[in-house]
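Undergrad: Got a structure for you, questions after.
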Amino acid sequence: MHAEELAKTIDHTLLQPDATQPDIERLCDTAADYHFAAVCVLPHWVRLAGRLLIDSDVKVCTVVGFPFGADGVRSKVAAAKEAVANGADEIDVMMCLPAMLSGDFTYVRDELTRVVRAVRMAGVNNGRGLILVKVIVETCYLSNKLKKMACKIVEGTGADFVKTSTGLGPEGATVHDVELLRDALSERVAVKASGGIRTYDDVVRLINAGAARIGTSCGDQIMREYFAAQEAG
């Protein structure tokens, strides 16, 4: 894998509640230096990240319904529209975990469908074009059967990715889960692995398992490890 290809799998992420403006500035500077796919920040920072990255090839991603997905439908739709209006290029929306675990699959499907449609329309209305939607399913709380059901639901909504984790649950991305999600989805829907990914070896394992994107707060460290491995031969 070339350095450019590796960098374009990475969503360089900072979602800690105590992150400050200088932290976001450093995040964006690093992302621009390495040409990462995106930065993923809290909604409060979308405008700032957009300004900082305006001359780069790095997209701005933000979260909706984070981290439990328990917000009301109208709240999620409004948050998604606002994020796009503020400059977000990609939306990582948390599936309604309480509904999913309760077996209310119709609610989960209908809510996500409304969010995806709202994002698509907001992209058109704001002259932004296609805004990617990634649905976080928080695999650590789901049985294998529910993970497959989540994939079926997400695919039916027209979303672009299934994302494994918020990074705040008891377990993050695993090779098993990425393989399971990849097998359960058509080629139209990609897999984003996120949560606990800190090393280049982690990234290689998850990409080999089928992940197209990697969400990590350690993007710069991963790239340094990659270059060191290349030099070592």
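Undergrad: Considering the dipole of the chain built from charges on the beta carbon (Lys and Arg +1, Asp and Glu -1) around the Cα centre, which of V60, V39, T106 is farthest to its positive end?
TA: T106
Undergrad: Another question about this same structure. Quick one: compute the contact order of the chain, relative version, from alpha carbon pairs under 8 angstrom and 6+ residues apart, as a percent.
TA: Values: 442 pairs, mean separation 39.6, N = 233.
Taking the mean separation of contacting Cα pairs over the length of the chain, I get 17 percent.
Undergrad: When the Karplus curve 6.51 cos²θ - 1.76 cosθ + 1.60 is applied with θ = phi - 60°, which whole-Hz ³J(HN,Hα) does each residue of the range 101-106 get, with x for Gly and Pro?
TA: 5, 8, x, 8, 5, 5
Undergrad: What's the center-to-center distance, using Cα atoms, between the range 140-181 and the range 107-136 in Å?
TA: Value for the Cα centre distance between the two parts: 19 Å.
Undergrad: I've got another one for you. Quick check on the chain: helices-only [θ] at 222 nm, where DSSP H runs of length 4 and up contribute -39,500 (n - 2.57) each and the sum goes over total residues. Nearest 500, please. Write out the running numbers ahead of the final one.
TA: Working: 10 runs with 113 residues, N = 233.
Calculated mean residue ellipticity at 222 nm is -15000 deg cm²/dmol.
Undergrad: Using 0.36 nm per residue of separation minus the Cα-Cα distance, give me the extension gain between F68 and V124 in nm, one decimal. Spell out each step's value before the answer.
TA: Values: separation 56, 0.36 × 56 = 20.16 nm, distance 2.82 nm.
The F68-V124 span can extend by a further 17.3 nm.
Undergrad: GNM on the chain, C-alpha springs below 10 Å: top fluctuator among T164, T20, T62?
TA: Largest GNM mean-square fluctuation: T20.
Undergrad: Taking the Cα centre of each part, how many Å lie between the range 191-218 and the range 63-84?
TA: Comparing the Cα centres of the range 191-218 and the range 63-84, I get a distance of 25 Å.
Undergrad: For a 25 Å ceiling on Cα separation, which of these pairs sit above it: K81/K148; K8/K148; K59/K152; K8/K163; K76/K152? Display every interim value, and only then the final one.
TA: Values: K81/K148 28 Å; K8/K148 27 Å; K59/K152 27 Å; K8/K163 16 Å; K76/K152 21 Å.
The pairs that break the limit, which is 25 Å between Cα atoms, are K81/K148; K8/K148; K59/K152.
Undergrad: What FRET efficiency comes out for D57 versus S143 if R0 is 30 angstrom and r is the Cβ-Cβ distance? Round to the nearest 0.05.
TA: On the way: r = 39 Å, r/R0 = 1.31.
That pair, D57 with S143, gives E of 0.15.
Read-outs throughout are calculated quantities, based only on the coordinates presented, and are distinct from any laboratory measurement. Since we're looking at a predicted model, the values are computed, not measured. Reconstructed Cβ throughout: ideal geometry from the backbone, glycine too, with neighbour counts over all protein chains shown.
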